[in-house]
Every structure is written in C-alpha cells, then in structure tokens.
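Participant: I am attaching a structure below and will ask some questions about it afterwards.
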C-alpha cells in the first residue's frame, strides 16, 4: 500500500532535491573534450594527427620552411647527394630537392581540398535528398552511382583533365567527381536509418519543413560516418593527384609536385637515388598519416568504442 502521508511526500521531495544537488556538483562531461581525448590517446591517432599537421603546416609556411627557392637552379651542383647545403640533394638542374618537396605538397593538398569540398558537398546533398524523398530521385541517383563505380577513378580523372585542361583545379574537380558517388551512397544509407527515428517523426508531427528536418535533425545525427569518409577521401585524392601529375596532367613543370618529381627522378635513380625516392617517401608518409588519423577518428566518433578507450579497455 502506497504511503501518501505529508511526511512521505516531503521525504520524496527532499530525495529529489538531494539527487539534483548531487548531479549539479558532479563535473560536467564535455562531448567534444571526450572525443578529442579518445582521438589523441590512441597512439595511431596521435601519430597520424601529428604527421598530417606537420605536412600541412610545412606546405602552408613553405617560404619559411624551405631552404631555397624551389625554382632556383644551380647547374654546377646538379644531382649532388645530401649535404649541409642541400639536405636531400639536388635534381638534374641543381634545384634543392627538400625545398621542392615542401612546395610540392601544396598541389596535392589543394587538389584534396577542392575534391573533398566539391565531391563531398554535392554527394552528401544528393544522398540526403534521395534518402529522404526516395522515389525517382533515389532510383536515378543510385543508377548514376553504379555507372560511376564502373570506371576507375584514374580514368575519370584523365577524361576530366582532357576536357578542362591540365591544372590543379581540373584535377580537384576530376577527383571530386570520382568521390561524390561514395558520399552519396553513404549519406543515403544513413538517412534511411534515421527516417524511422523518433526525432524525425516528432519534427514531422510538429510541422517542420523538409529542409529544416534534413539540415537540423538528420545531418547532425549522420555526421560521424561522413566526417570519417571525408578524412578517408583526402588520401585517395592525394594519390590520384600525384598519379595525374606523374602523367603530366596536373601541376606543370617547373612548378614542383610530388607526382612530377617522381616522373623526373625516375630517370636518375642510379645517379641520385634520393632525388627519386624522397617524393615517394613524402607521399607515403602523408598517406599513412591520414590513414592512421582516419582509423582513430572512426573509433573516437563511435560512442561505444570511445567509452572503452577512455576507460582503458582498448
């Protein structure tokens, strides 16, 4: 039998007040702080973050990091090995290889930025709309994605560059066209999962517009896998950009890029192996760093895995 006496009611009120006071006294947990800690506490995440950050900062502040002007020639010092003057030696025209690698990161990073911004934004927008509205839009978009997946990304890149002409912007758009279907499919799948959730149905019941539901309710709740895909798309864009540069369809000599340095260095592999190997090592280090960072990002964005990491179980 339930006790409804005034004393019992006052006791319940005091218990509720005590619980509220205890909750208020506990330190507030910041989701962003927990995410950042879970990301950086992973050795792979920390290494990947530092490698990626170091290369991006070096490319951004290249005039202060590089030892020489990347276009400055010293014909008397052509193909010399690493020394105190030229840390990674010189190329066939006597240009400093270290300085050209620092500046050579810029085309790859700019292509990755253009590709991720263009392909990611278009792909996510189309994927969200197709998953939300379904019908003919979904059918047409998925068939277009199937057609795009039938062609290797390098073929799409070559065809786009032939039409637009060789430049970093053309390569960025080419890679963006290639990665957009991946974002579209991922966004559509996540939207389909979200459509039956309570918050979407509640927003519809309150008369919210489709645009409001998609931008304020669905997108924030499917952002985690899309962010991981964005990080993953960066290293794919860098590899494709370097491949097109190697084929002479991207950054044009004498402007340095990792791809055209690999193309030039392969002819002098026996005379100056550092000249040929250095851009390949730089490309490999950056791709590995992005991969490590993306893997750690996946773990940090998953609530269950993040809790296990913070509790030391992983």
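The values are calculated or read from the model by the stated rules, or taken from the named source; none is laboratory data. Keep in mind it's a predicted model, so treat the numbers as computed, not measured. Note that each Cβ is placed from the backbone with ideal geometry, even for glycine, and that neighbours are counted across all protein chains shown.
Participant: In region 64-102, what residues are in contact with a strand residue (DSSP E or B) (Cβ under 7 Å, 6 or more places away or on another chain), touching a residue at least 60 places away in the same chain (Cβ under 8 Å) and not in a loop (DSSP other than H, G, I, E, B)?
Facilitator: 90, 97
Participant: Let me ask you something else. Quick check, is residue 237 in contact (Cβ under 8 Å) with a residue 24 or more places away in the chain, over 15 Å from residue 100 (Cβ atoms) and either touching a strand residue (DSSP E or B) at 6+ places or on another chain (Cβ under 8 Å) or buried (at least 21 other Cβ atoms within 10 Å of the Cβ) (or both)?
Facilitator: The answer is yes for residue 237.
For (1) surrounded by fewer than 19 Cβ atoms within 10 Å (Cβ to Cβ); (2) within 23 Å of residue 69 (Cα to Cα); (3) modelled with pLDDT of 85 or more, each residue gets a yes or a no:
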residue: 249; (1), (2), (3): no, no, no
residue: 265; (1), (2), (3): no, yes, yes
residue: 275; (1), (2), (3): no, yes, yes
residue: 285; (1), (2), (3): yes, no, yes
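Participant: Among the residues of region 121-138, write down those that are within 15 Å of the chain's Cα centre (by Cα) and buried (at least 22 other Cβ atoms within 10 Å of the Cβ).
Facilitator: Within region 121-138, the first condition is being within 15 Å of the chain's Cα centre (by Cα), and the residues that meet it are 121, 123-124.
Of everything in region 121-138, those that are within 15 Å of the chain's Cα centre (by Cα) and buried (at least 22 other Cβ atoms within 10 Å of the Cβ) turn out to be 123, 124.
Participant: Residues that are under 23 Å from the mean Cα position of the chain (by Cα), within 17 Å of residue 56 (Cα to Cα) and outside any loop (DSSP other than H, G, I, E, B): does region 240-252 have at least one?
Facilitator: Within region 240-252 (the criterion being under 23 Å from the mean Cα position of the chain (by Cα), within 17 Å of residue 56 (Cα to Cα) and outside any loop (DSSP other than H, G, I, E, B)), the answer is yes, since at least one residue qualifies.
Participant: Being in a helix (DSSP H, G or I), in contact (Cβ under 8 Å) with a residue 12 or more places away in the chain, surrounded by fewer than 17 Cβ atoms within 10 Å (Cβ to Cβ) and touching a helix residue (DSSP H, G or I) at 6+ places or on another chain (Cβ under 9 Å) is the requirement here; does residue 47 meet it? Steps first, answer last, please.
Facilitator: Numbers: in a helix (DSSP H, G or I): yes; in contact (Cβ under 8 Å) with a residue 12 or more places away in the chain: yes; surrounded by fewer than 17 Cβ atoms within 10 Å (Cβ to Cβ): yes; touching a helix residue (DSSP H, G or I) at 6+ places or on another chain (Cβ under 9 Å): yes.
It is true that residue 47 is in a helix (DSSP H, G or I), in contact (Cβ under 8 Å) with a residue 12 or more places away in the chain, surrounded by fewer than 17 Cβ atoms within 10 Å (Cβ to Cβ) and touching a helix residue (DSSP H, G or I) at 6+ places or on another chain (Cβ under 9 Å).
Participant: Within region 146-159, can you find the residues that are in a helix (DSSP H, G or I) and surrounded by fewer than 21 Cβ atoms within 10 Å (Cβ to Cβ)? Working first, answer last.
Facilitator: Taking region 146-159 first, the residues in a helix (DSSP H, G or I) are 146-149, 153-159.
Selection gives 146, 147, 148, 149, 153, 154, 155, 156, 158, 159.
Participant: Could I ask something else about it? Of all residues in region 187-234, how many are in a helix (DSSP H, G or I), touching a residue at least 40 places away in the same chain (Cβ under 8 Å), surrounded by fewer than 18 Cβ atoms within 10 Å (Cβ to Cβ) and over 21 Å from the mean Cα position of the chain (by Cα)?
Facilitator: Residues flagged as in a helix (DSSP H, G or I), touching a residue at least 40 places away in the same chain (Cβ under 8 Å), surrounded by fewer than 18 Cβ atoms within 10 Å (Cβ to Cβ) and over 21 Å from the mean Cα position of the chain (by Cα) within region 187-234 amount to 2.
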